[in-house]
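Take a look at the structure below.
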Amino acid sequence: MSSQREYAIHRAPILTPAFYGVLLVVLIGMGLVAYRYAVGVGAVSNLSNGYPWGIWLSYDVATGSAIACGGYVLAVTVYVLNNFKYHTMVRSAVLASMFGYSLAGLSVMVDIGRYWNSYSFFVPSRMNPNSALFEVALCIMAYCVVLILEYLPAVFEKFADEDANKSPKLVEFGKKWEKRFSKALFVIVAIGATLPTMHQSSLGTLYVLMGYKLDPMWQTGLLPLLFLSNAYIMGFAIAAFETVLSTRLLKRPFEEEIVDLSKVIPFIVFFWLIVRVIAVTLNGGWSNAFAFTGRSIWFWLEILLVLIPSLMILFCRYAKSESGIFLTGMLLLIGGGMYRIGVYNVGFNPGDEYHMYFPSLAEFLITVGFVAIEILGYMVLVKLTPVLPNLEKHGHKH
C-alpha cells in the first residue's frame, strides 16, 4: 500500500555527519539559553529600557513566523484556491511551518524578562484582550495546534503501513485515525488559513502603535496590509527555497511544480511595492530615504532584494532552473526578512538618550540555535514519517 501513497518516508540514515553538526549548533544555543535563565536576560543580550525587543522578537517571531508561512500559502493555494497540482508539496511545507511557529513561540520565553509571570496569559482576570500582542500570541498558539493536527496524518499513515503481523494494534490505530482525519482535514486547513491572516497583520499593527518612534520610511497605518502581503511573499519564497534545498541535501529529483508556483511571486511583490510607495509618500518618508544614512541604505536594500528576484522570475530563463529557483528564493527571504527587521529594529528610535541596539553574540547564537532545532527536526522526521512526495508514484526511480 505504501507504494501507492502520495507521500513516502525518505529512506536514509538519521545519524549522519550533518546531523551531528547541526546538533552541535543546537547544544551551543540551548546552553546559552540555560545560561540566560541562570544569570538573567541582561547578561546575554544588549536589550535595554529603550530597546526591549531585539533580534529574538524581530527575527524569531516577526520574521521567523513569516518564513514559516510556507504551509499557510500552500494550504491556501491547494485547498482554498483548489489547485491540487501542488498538493505533494503541502506536507513538507506544513512540517517546516510546524517547527517554525512552535520555535517562534518558545523563543518569546527567552526574551521575556519576568518569564515566571507568563502564566497570566491563560488567566482570564489578567488577560488584556484589547492588546494587539494578545491577539498575536493567541493566534500563534492556536496555529501551532492546527499545524500539529495537519501533520498528524503523516504519523497515522506510518502506523497504518507497519507490518500487521508484528504490530496489529498499531496498524489498526493508524488506519482508524487516518480515516477520521481525512474527513476533518478540510476544516482544520480552513482554520489554519484564517489564523495567520489575523496574526501576520497584527504583527504590523504592533508598530503602528509606536507612532513617531518608528522612522517614516516604515511607519504607516498600512503596516497590517504590508505585513500580510510580505508573509505571502516569504511563504512562497520559502516553499521554493526549501524545495530545492531538500532536493539537494536529500539527493532527490527536482520537483518541477515549484517553477510554476514561483510565477505568482512577482505579482505579490509588485502589490507590496505599490502599497509601500504609497505609504512612504503619505507619511513623508522620501526625504529620509534619500538622506544616505544607515537606515536609508537598509530601506533601499530591502526593496531591491525583493524587486530584483521578481524581475528575474518574470524575464530571466535562469530563474526557472533549479539553481535559479534557489537563488531567487534566497534573495526574497533576505529582502522580506530585512523589511520586518527594519520595522522592528532598524527603523525604531526610542530617543537619543538610548544607545542604538545591536544584538550581542549570545543573542545571535541563541537565534541560530533555534533555527538549528528546526533543521534538525525536519531532517529527522522526513526519515521517520511520510512527508516528501512518493518517487515511485510520481514516476521517479530511486
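Peptides 372-382, 328-338, 218-228 ranked from most to least packed, by the mean per-residue count of other Cβ atoms within 10 Å: 328-338, 218-228, 372-382. Taking 7 Å steps out from each Cα toward its Cβ at residue 287 and residue 213 produces label points 2.4 nm apart. Hey, quick one: spin label on residue 19, modelled 7 Å out along Cα-Cβ, who in the range 125-167 has an amide N within reach, i.e. under 20 Å? Of the residues in the range 125-167, 155, 158-159 have backbone N under 20 Å from the label point off residue 19.
Relative contact order for the range 2-389: what is it in percent, counting Cα pairs under 8 Å that are at least 6 residues apart?
Numbers: 548 pairs, mean separation 122.2, N = 388.
It comes to 31 percent, rounded to a whole number.
A simple spin-label model places the labels of residue 264 and residue 170 3.8 nm from each other, with each point 7 Å out along Cα-to-Cβ. Candidate cross-link partners of residue 175 among the aspartates and glutamates, defined by an alpha-carbon separation under 15 Å and a same-chain spacing of 8 or more, comprise 157, 161, 162, 163.
Per 0.36 nm of contour for each residue apart, how much would the distance between residue 361 and residue 28 grow if the chain were fully extended, relative to their Cα-Cα spacing? List each step's numbers first, then the result.
Details: separation 333, 0.36 × 333 = 119.88 nm, distance 1.20 nm.
Result: 118.7 nm gained on full extension.
Protection proxy ranking, highest mean first, for peptides 137-150, 179-192: 137-150, 179-192, where packing is the per-residue count of other beta-carbon atoms within 10 Å, averaged. The range 255-338: which GluC sites (Glu not before Pro) are DSSP loop and have at most 14 other beta-carbon atoms within 10 angstrom? Hits after loop and neighbour filter: 256.
Residues with beta-carbon under 15 Å from that of residue 55, excluding residue 55: net charge, scoring Lys, Arg +1 and Asp, Glu -1? Could you put the intermediate results ahead of the total?
Working: positive: 36, 340; negative: 60, 111, 363.
Net local charge, residue 55 excluded: -1.
Working ranking of peptides 283-289, 51-57 by packing, defined as the average number of other Cβ atoms within 10 Å per residue, highest first, is 51-57, 283-289.
Counted residue by residue at 0.36 nm each, then reduced by the alpha carbon distance between them, the extension gain from residue 194 to residue 380 reaches 64.0 nm. Within the set 263/320; 320/383; 263/383, which residue pairs have Cα atoms separated by over 19 Å? Listed pairs above 19 Å: 320/383; 263/383. Computed 3J(HN,Hα) for the range 173-188, one whole-Hz value per residue from the Karplus formula 6.51 cos²θ - 1.76 cosθ + 1.60 where θ = phi - 60°, is 4, x, 5, 5, 7, 5, 5, 5, 5, 4, 7, 9, 4, 5, 5, 4, glycine and proline marked x.
Reported to the nearest whole Å, the Cα centre-to-centre distance from the range 14-39 to the range 142-171 is 28.
Applying 0.36 nm per residue to the separation of residue 119 and residue 317 and subtracting their alpha-carbon distance, the gain on full extension is 66.0 nm.
Since every read-out is calculated from the coordinates, none of them should be taken as a lab result. Because the structure is predicted, anything quoted here is derived from the model rather than measured. No Cβ is skipped: glycine too gets one built from the backbone with ideal geometry, and neighbour counts run over all protein chains shown.
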